[in-house]
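Right, one structure below, let's go through it.
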Amino acid sequence: MSDERRFGDDEQPCLSVRHLTKRFGAGCAHCLDPAAQLERNVCPRCKTVHAVRDASLDVFPGEIVGIVGESGSGKSTLMKCLYFDEEATGGDVRALPCGNGAANLLTLSPQHRRAVRNTVFGMVYQNPYLGLRMDFSSLSNIAEQMIAAGGRNVGAMRGRGEELLSRVNIPLSRASCAPRLFSGGMQQRVQIAKALSNNPPILLLDEVTTGLDLSVQASVLDLIQQIRRDSNVSMLVVSHDLGVIRMLADRTLVMLDGRVIESGLTDQILEDPQHPYTQQLVYSLL
């Protein structure tokens, strides 16, 4: 992709995704043709839903890449495939921290996939109920992630949990409280703390500000920026809100009907959108 931001001529992407596809249905001779005309992302003949169609992207070390698009565009399904919440139909996904990018993560065994989920990626869901055990304490939620990665030292896990809760501005007096007792913004911050527990090099953030009040959105976005400054973590951020992407992302991909229809530096996307759908998105902000 010619418009990719590169941080050094010889620097490799920490996450490389090529030709990722996700279908709900078997497909047919018509819709399996890459040039097939679909009704949005649905095959008019066999009714297979092509949620993600031939998506490719790179994320470089310390970079934030945004994916923007309307509901049903495929952006969240793409994220779920990367985190193995959904089984991708096809494609090639490589992460530099995982065997120096030697293996396609989509072909790994279930055991190896769990290890990647627990050490390479950190996930923050739009719905905190997907990322947290709401009746466990905040500390226990963080410890659970560390135990899944092989942690066994209770004292070390407690210390790490308290450090992370402080970092995301959760008072330690609330560390033993269950997330169900927290506001939506606090729940998202606990999710972020849990995602950071094993120092993953790549964070996946799926609509993390949706449904939050504007002031709470601002605090969550500030936290994300602070984490990037302090830890140099790479991030893939999904949002339907181009304002969020404008604040966070170095580069942006625009998705529509399962396809990446435009990509480039975020400033370029905002100042000179090429695709009519991207133009519509940008002009809606004005």
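The values are calculated or read from the model by the stated rules, or taken from the named source; none is laboratory data. Being a predicted model, the structure only gives us computed values, none of them experimental. Cβ atoms come from the backbone with ideal geometry, glycine included; neighbour counts cover every protein chain shown. In case anyone asks, the SASA skips ligands and DNA or RNA and just uses the protein heavy atoms, side chains included. Shrake-Rupley method; radii C 1.70, N 1.55, O 1.52, S 1.80 Å.
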(request) Could you please find all residues in the stretch 129-145 being open to solvent by 10 Å² or more (accessible area, probe 1.4 Å) and in contact with a Gly (Cβ under 7 Å, 6 or more places away or on another chain)? (result) L139, A143
(request) Could you identify the single residue in Q280, Q274 that is free of Cβ contacts under 8 Å to residues at least 12 places away in the same chain and closer than 22 Å to R40 by Cα? (result) Q280
(message) Any residue at all in the stretch 20-41 that's open to solvent by less than 50 Å² (accessible area, probe 1.4 Å) and among the charged types (D, E, K, R)?
(response) yes
(message) Based on this model, can you work out whether V190 counts as of a type in the set (V, I, T) and part of a strand (DSSP E or B)?
(response) no
(request) Check V93 against each of (1) more than 19 Å from M146 (Cα to Cα); (2) open to solvent by 30 Å² or more (accessible area, probe 1.4 Å); (3) of a type in the set (V, I, T) and name the one condition it does not meet. (result) (2)
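Residue by residue, here is whether (1) touching a strand residue (DSSP E or B) at 6+ places or on another chain (Cβ under 8 Å); (2) at pLDDT 95 or above; (3) within 19 Å of G161 (Cα to Cα); (4) not hydroxyl-bearing (S, T, Y) holds:
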site	(1), (2), (3), (4)
V208	yes, no, no, yes
S219	no, no, no, no
V238	yes, yes, no, yes
V244	yes, no, no, yes
I261	yes, yes, no, yes
(message) Out of the strands (runs of 3 or more DSSP E) lying entirely within the stretch 39-148, which hold 3 or more residues that are modelled with pLDDT of 95 or more and under 27 Å from S183 (Cβ atoms)?
(response) 64-68, 121-124
(request) Give just the number: which of (1) touching a strand residue (DSSP E or B) at 6+ places or on another chain (Cβ under 8 Å); (2) open to solvent by 50 Å² or more (accessible area, probe 1.4 Å); (3) on the phi < 0 side of the Ramachandran plot; (4) in contact (Cβ under 8 Å) with a residue 40 or more places away in the chain does Q12 not satisfy? (result) (1)
(message) When you scan the stretch 101-123, do you find a residue that is of a type in the set (G, A, S), open to solvent by less than 30 Å² (accessible area, probe 1.4 Å) and either out of contact with any Lys or Arg (no Cβ under 9 Å at 6 or more places or on another chain) or on the phi < 0 side of the Ramachandran plot (or both), even just one?
(response) yes
(request) Exactly one condition in (1) touching a helix residue (DSSP H, G or I) at 6+ places or on another chain (Cβ under 8 Å); (2) farther than 19 Å from M123 by Cα is not met by A218; state its number. (result) (1)
(message) Filter the stretch 187-215 down to the residues that are open to solvent by less than 30 Å² (accessible area, probe 1.4 Å) and over 28 Å from P61 (Cα atoms) and list them by number.
(response) L212
(message) Could you go through the stretch 252-259 and let me know if any residue there is of a type outside the set (G, A, S), more than 19 Å from S71 (Cβ to Cβ), open to solvent by 10 Å² or more (accessible area, probe 1.4 Å) and not in a strand (DSSP E or B).
(response) no
(request) Hey, could you check the stretch 223-251 for residues that are charged (D, E, K, R) and over 15 Å from the mean Cα position of the chain (by Cα) and say which is surrounded by the most Cβ atoms within 10 Å (Cβ to Cβ)? (result) R246
(message) Return the pair list, or none, for Cβ contacts closer than 7 Å from residues in the stretch 113-127 that are within 15 Å of L196 (Cβ to Cβ) to residues that are in a loop (DSSP other than H, G, I, E, B) and open to solvent by 50 Å² or more (accessible area, probe 1.4 Å), at least 6 apart or on different chains.
(response) V120/P97
(request) With the condition kept exactly as written, say whether any residue in the stretch 149-160 is of a type in the set (V, I, T), open to solvent by less than 60 Å² (accessible area, probe 1.4 Å), without any contact (Cβ under 8 Å) to a residue 60 or more places away in the chain and not in a loop (DSSP other than H, G, I, E, B). (result) no
